[in-house]
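The block underneath contains the structure these notes are about, expressed in structure tokens.
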Amino acid sequence: MIKKRIEDLTDLEYYVIKEQGTEPPFQNEYDNHFEKGIYVDKLSGKPLFTSQDKFQSHCGWPSFSKAINNDEIIELVDKSHGMLRTEVRSSESDAHLGHVFNDGPSELGGLRYCINSASIVFIPYEKLEELGYSEFIKLF
């Protein structure tokens, strides 16, 4: 399983994950990444999203229509920056992941999980078994 210790986070990762920050749009690792696999919480290694539920939203951050397991996601009211939004956090590590909006494609359920690349790690389909995620092969 992939896990990163808090003390090993980069400054940007720490800012996003622990200080509820946001990485720059269009300048992050997974915005235009569409390889087959899963995305896991950088701290706990818990699977959060699949490439099958990822779509191009042109918002500047990776966007997903749903989580693999809703029990791995916590949604909280976020009133920061003069807005009313729904923050998304990892239930296992309490890492700030991003926000969820109701403006996703209707054919995919209407949600858009807008997630910071700094909060997640991509596990390629070909490495799922090797890295301890073999139970998720069936999703593909």
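The values are calculated or read from the model by the stated rules, or taken from the named source; none is laboratory data. What you see is a predicted model; the values in this text were computed from it and never measured. Cβ: placed from backbone, ideal geometry, glycine included. Neighbour counts: every protein chain shown.
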Condition (residue is surrounded by 12 or more Cβ atoms within 10 Å (Cβ to Cβ), more than 17 Å from residue 110 (Cβ to Cβ), basic (Lys, Arg) and at pLDDT 95 or above) applied to the stretch 45-52: is it met by at least one residue? yes
Report whether or not residue 87 is assigned to a strand (DSSP E or B) and charged (D, E, K, R). yes
Give the number of residues within the stretch 2-36 that are on the phi > 0 side of the Ramachandran plot and modelled with pLDDT under 95. 1
Residue 39: in contact with a Pro (Cβ under 9 Å, 6 or more places away or on another chain), outside any strand (DSSP E or B), at pLDDT 95 or above and buried (at least 20 other Cβ atoms within 10 Å of the Cβ), yes or no? no
Inside the stretch 99-140, can you point out the residues that are assigned to a helix (DSSP H, G or I) and in contact with a strand residue (DSSP E or B) (Cβ under 6 Å, 6 or more places away or on another chain)? 119, 125, 136, 139
Evaluate the following for residue 78: is it modelled with pLDDT under 95, surrounded by fewer than 20 Cβ atoms within 10 Å (Cβ to Cβ) and of a type in the set (Asp, Glu)? yes
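Could you list, in sequence order, all residues of the stretch 69-84 that are assigned to a loop (DSSP other than H, G, I, E, B) and either touching a Lys or Arg at 6+ places or on another chain (Cβ under 6 Å) or closer than 15 Å to residue 95 by Cβ (or both)?
none
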Pairing a residue in the stretch 79-107 that is on the phi > 0 side of the Ramachandran plot with any residue that is at pLDDT 95 or above and in a loop (DSSP other than H, G, I, E, B), where Cβ atoms lie under 7 Å and the two sit 6 or more apart in sequence or on different chains, gives 98/61; 98/116
